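Have a look at the structure below before the remarks.
Just so it is clear, none of the values below were taken in a lab; they were calculated from the coordinates. Keep in mind it's a predicted model, so treat the numbers as computed, not measured. Neighbour counts are summed over all protein chains in view; Cβ atoms, including those assigned to glycine, are modelled from backbone coordinates with ideal geometry.
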Ligand SMILES: [Zn+2]
């Protein structure tokens with residue numbers, strides 16, 4: 001979702017011709033990396049830095065021409081535009097220039113691990129996998145007194161098992177080289193063992209795909225471990241922290257998943273131990289979650305992962321014609337055949353999003369909560385200044401949502417998609433008085449996945465699972 005212009009043109013340069021050449025050379029270097037010709041890309045960046053040192057492109061060339069550097073990117077699997085997908089960026093650490101093709105090959109195996117996971121498999125088409133091509137001068141991992149020059153400063157951590165970790169600042173710097181990404185990286189450290197995850201970065205030792213989904217639970221889902229075994233030393237008296245999947249009191253009312261307990265979702269309870277603590281922590285299931293040693297995520301973790309997906313992705317991918325805001329003065333004029341609308345929605349693997357349409361006279365159209373407005377203080381005459389609590393929520397993926405406004409009338413129509421996920425609706429003018437009308441389309445994910453006893457998402461107070469668009473239509477005399 002974040003965009004960064006890395007190839008910005010400097011329009012006021014003294015020598016526009018050399019500027020042009022520098023732009024072309026940068027494009028060529030990036031193209032070579034995309035084609036897997038990494039040595040050629042590296043040579044071009046170095047040439048760029050030498051020939052045009054005073055251009056913005058020359059500066060990029062200098063950075064990317066280093067012995068350990070970012071060389072470019074390529075799509076491993078693209079399901080849609082980055083604006084409305086969750087982009088996972090795959091990075092190799094400790095891969096020398098002649099080993100980068102092997103990393104590209106390893107990256108090809110990553111999407112299928114997600115596809116085979118229950119949650120990510122259901123929402124597979126919501127994901128993109130992008131390879132970042134990083135070259136390392138050395139192929140070792142720092143630790144035990146050795147120091148290697150690698151792209152992400154990989155080092156052996158002070159855990160009992162010697163987990164591999166990388167420098168998150170270095171990961172951020174590499175992500176900044178990419179025009180479109182969501183701050184979610186999966187790093188494969190060539191010579192490391194075991195994995196770590198957190199803050200948008202999952203690190204996998206070697207090609208240990210078995211640990212990847214668990215680390216993604218940390219890095220993308222913000223989830224805690226559900227096992228009790230301690231992985232590294234800690235201060236005396238340290239206590240577990242409350243999180244989505246960790247309670248710090250046995251009281252079900254106080255539990256972060258109390259809504260699951262109230263809804264009596266099978267398999268969810270209060271089980272002692274978690275977050276690498278035997279005492280003082282409780283987890284939702286008896287130890288079968290992927291955040292422990294299980295293969296699938298427990299219902300509590302699953303809900304969080306789905307909710308987070310909808311903070312990157314809007315259920316509505318595209319709408320034609322361009323929707324009108326509620327306050328828009330524009331309208332579409334209905335012809336004899338009425339007006340036709342098309343809405344493209346995202347498509348989970350085994351269930352379909354619900355799509356409902358309404359045609360409402362202007363005076364009965366509900367005003368939605370404006371998600372573009374920030375929370376602000378308002379004062380009414382004679383009253384003290386009070387904070388008006390905003391109903392708008394911003395998710396970790398940056399999408400701003402508000403609870404959907406209730407629509408009292410029954411939907412005019414509910415539609416099914418064609419093979420491309422396109423829903424078509426034609427507003428007929430038959431029996432309608434001349435005047436202004438609001439056509440509304442509301443898309444909702446029930447999360448009632450095939451084979452599941454209960455919806456995957458039990459509570460969605462913010463309104464992440466729903467998206468509504470509207471248009472104004474005028475029927476003339
Ligand atoms: Zn769990």
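Observations on the structure shown:
- Take the Cα of residue 400, step 7 Å toward its Cβ, do the same at residue 320, and the gap between the two points is 2.9 nm.
- Of all DSSP beta bridges in the chain, antiparallel share, percent nearest 5: 75 percent
- Compared with the alpha-carbon gap, the fully stretched path from residue 452 to residue 20 is longer by 149.8 nm at 0.36 nm per residue.
- Using every pair of separate Cα atoms, the Kirkwood estimate puts the hydrodynamic radius of the range 252-302 at 11.1 angstrom.
- In the chain, the ratio of gyration radius to Kirkwood radius, Rg to Rh, stands at 1.03 when only Cα atoms are counted.
- Extension gain, residue 83 to residue 279, is 66.2 nm, computed as 0.36 nm per intervening residue step minus the present C-alpha separation.
- For the range 30-163, diffusion coefficient by Stokes-Einstein and Kirkwood Rh (Cα), 25 °C, 0.890 mPa s, µm²/s: 150 µm²/s
- Inter-part distance where the range 260-299 and the range 407-426 are each reduced to a Cα centre, Å: 39 Å
- Estimated 222 nm signal from helices in the chain, with DSSP H stretches of n ≥ 4 weighted -39500 (n - 2.57), rounded to 500: -6000 deg cm²/dmol
- Seen through its C-alpha gyration tensor, with square-root eigenvalues sorted a ≥ b ≥ c, the range 306-369 comes out prolate because a/c lies at 1.5 or above while a/b is bigger than b/c.
- Summarising the label geometry, the points placed 7 Å from Cα in the beta-carbon direction at residue 28 and residue 230 lie 6.0 nm from one another.
- One decimal place: the segment residue 461-residue 50 gains 142.4 nm when fully extended, by the rule 0.36 nm per residue minus the C-alpha distance.
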